[in-house]
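Take a look at the structure set out below.
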Amino acid sequence: MSKNKRYIHKYNNKTDGHIKTHSAKRGVPIVLSLALLAGAFTWGCGQYTINLIKDEFVVNVGDELSTDISDYVRASKAMLEEMTLDVSDVDINTMGRYTATVTYGEDTRSFTIEVADTKAPEISLKSEEIYFELQGTLHLDDIVASVKDYSEFEYGFSEDMTAADKDKKMVDSLFFSGFGDYNAEVIARDEYGNISVSDFRVHVVEEGQIPGGSVSVSDYSAFMNTDPGTALGDLASYSTEGVIFGLSDSVDAESNRPEIGYYTNLYGMYSVDFIQPQSNYVWLTFNEINESGKTVKLLDTLREKGVKAVFFVTLSYVQNNEELVKRMIDEDHVIGNYTANCADVGDLTSNQLTSELDTLYNYVYETYGYEMYLFRPPSGYFNEQALATAQSLGYRTVFWSFAYADWDAQMTTKQALNNALNKAHGGAIYSLSASSSLNQKMLADLIDGIREKGFEFAVYQKN
């Protein structure tokens, strides 16, 4: 479970103020009845023809300001029609204290309108019932669609639902360790002490038991390799001999999973994935070096099919394709580090690799506010020191359990599709070039075909 955080969001929506006045249309009556005089005058501290309901009114910021004089003054209907209300100084979209006036003949009374945040934040949940498979961690983004307020606020899960609302501590994630049904709630509190609470139910079920059409959590941590890696020593002590990762045609007859024991035995102790554990899930990744116009179609297909992928990018790519990168992030895809210059990682020293990774990481973070946590050595060329260095920097190194010569003209689209489907397996990590016409053309059919085989696409989550 990640460290507790408080999510602070400031909402400021200023618009031009609207001035509404009620102008007198008739002259001041010359003769008033005794009954009218009794209602219009206040005795004891002088005589007034304007009897305010109170001297100060409070209105919620952003709400419509009343221009009905009867909301501010007690008087007969005939007198109200002769009065003029001036609220032109009140900016309903900006909190503060403002002066308004009512005029009746030669008499003017001033009063205060305070524009304040009097409403609790509005919490909108994606659903009041949410499901996920096996044990897992629920994050705010999984259940909260939006929180809105006119002032600064914080929101999170209630750590203890039995505490009074004003005393509840907020956390950014909840962990559920076993099957069953659980009550939970999201609480939001603004800077003026206004509080709102929204309840929901969490159902933790066995794999494949989420009801159709239900809102479910994309928490695949139970199906992923979550080994944080071995305790590291001096990085200079690790081998710098270059290694090229490659898959043979040998597969397990029962699971169709490629046999990669050679690599896992030698390098599996680092924070590295050559394949994910056996399950009904697969992971989809793309490599981006130079944009060839194919990515828009790939993203369109992924959105249409409801699939999240990893895009491994270089520095030049994120510099030259800002809108595409923003779209990847906005549509909840994962951005991975392919080194700044698509470097031959197996030939780099630890310091050189650190520079390559940091240069790209810093640019992406400063430009897009995104923190990368996955690393892939271009072309699968690496050394042991590189894996240790990446782990020391907080990365998980991701290779693949399926790849093919997917540059154009190697085969037909149908051949490429059949190849990818024939090699489908539980826990697969598909590595595809984003510049390939073959991959662009077959992606929709590949997704449908893998699902027809009983697999589903998982999100590559941070450990």
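The values are calculated or read from the model by the stated rules, or taken from the named source; none is laboratory data. Quick caveat: nothing in here was measured; it's all calculated off a predicted structure. Don't worry about glycine lacking a Cβ; one is built from the backbone with ideal geometry, like all the others, and counts go over all protein chains shown.
Among strands (runs of 3 or more DSSP E) entirely within region 83-168, having at least 3 residues that are polar (S, T, N, Q), touching a Phe, Trp or Tyr at 6+ places or on another chain (Cβ under 7 Å) and buried (at least 18 other Cβ atoms within 10 Å of the Cβ) singles out no element at all. If you go through region 60-74 and pick out every residue that is crowded, with 18+ Cβ neighbours inside 10 Å and either in contact with a Cys (Cβ under 8 Å, 6 or more places away or on another chain) or modelled with pLDDT of 95 or more (or both), you end up with 4. Considering region 190-216, the residues that are small (Gly, Ala, Ser) and at pLDDT below 85 include one that is farthest from Ile130 (Cα to Cα), namely Gly208.
Among the residues of region 387-419, those that are assigned to a helix (DSSP H, G or I) and either within 32 Å of the chain's Cα centre (by Cα) or not assigned by TED's automatic domain parsing to the domain that holds Met372 (or both) comprise Leu387, Ala388, Thr389, Ala390, Gln391, Ser392.
Phe200 falls short on exactly one of the conditions (1) outside any strand (DSSP E or B); (2) on the phi < 0 side of the Ramachandran plot, and that condition is (1).
Residues in region 241-278 that are surrounded by 19 or more Cβ atoms within 10 Å (Cβ to Cβ) and on the phi > 0 side of the Ramachandran plot: none.
The sole residue among Gly178, Gly193, Gly213 that is in a loop (DSSP other than H, G, I, E, B), on the phi > 0 side of the Ramachandran plot, in contact (Cβ under 8 Å) with a residue 24 or more places away in the chain and not basic (Lys, Arg) is Gly193. Only one of the numbered conditions (1) buried (at least 20 other Cβ atoms within 10 Å of the Cβ); (2) outside the structural domain of Val243 (by TED's automatic domain parsing) is not met by Ala428, and that is (2).
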